[in-house]
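Single-structure report; data block below.
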Amino acid sequence: MIIATLSIAMGLQNATARRLAVPDLTTTVLTLTLTGFAADSGLAGGTNPRLGRRMIATVSMFLGAAIGALVLLRIGTGAVLALALVLLLIVLAAAAPHWRTTDAWTAR
């Protein structure tokens with residue numbers, strides 16, 4: 001019951017932030033993505049833009065959480081931290097060539 005109440009509160013918080021349209025006022029990534037599903041759905045009068053991107057982001061976050069939990073339970077905390085460090089270094093290496101660009105990061 002507490003989790004459901006907190007989830008609703010976070011969803012309302014993100015829906016309010018989206019409605020106010022204040023740039024960079026995200027409070028949580030996953031909750032904001034899930035709120036986007038609901039706020040932009042046909043039931044809410046939207047067209048649900050970027051549905052595929054939101055699905056990929058949501059599934060990726062859930063898979064990451066599941067893999068992290070399995071590594072934690074089977075191997076230990078050190079393995080989870082090492083895995084997080086390796087993934088961080090991979091992302092940094094992939095992003096490094098784009099640091100100095102002035103191109104927009106959004107899809108055209």
Could you give each residue of region 79-88 its phi-based ³J(HN,Hα) in whole Hz, using Karplus coefficients 6.51, -1.76, 1.60 with θ = phi - 60°, and x for Gly or Pro?
5, 5, 5, 5, 4, 4, 5, 4, 5, 4
What order, most packed first, do the peptides 92-99, 73-80, 52-59 have when packing is the mean number of other Cβ atoms within 10 Å of each residue?
52-59, 73-80, 92-99
How much length would be gained if the chain were fully extended between residue 48 and residue 1, taking 0.36 nm per residue of separation minus their Cα-Cα distance, in nm to one decimal?
14.0 nm
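Read the figures in this text as sums done on the coordinates, not as results from a lab. Owing to the predicted nature of the structure, the values given are computational and were not obtained by experimental measurement. Cβ atoms come from the backbone with ideal geometry, glycine included; neighbour counts cover every protein chain shown.
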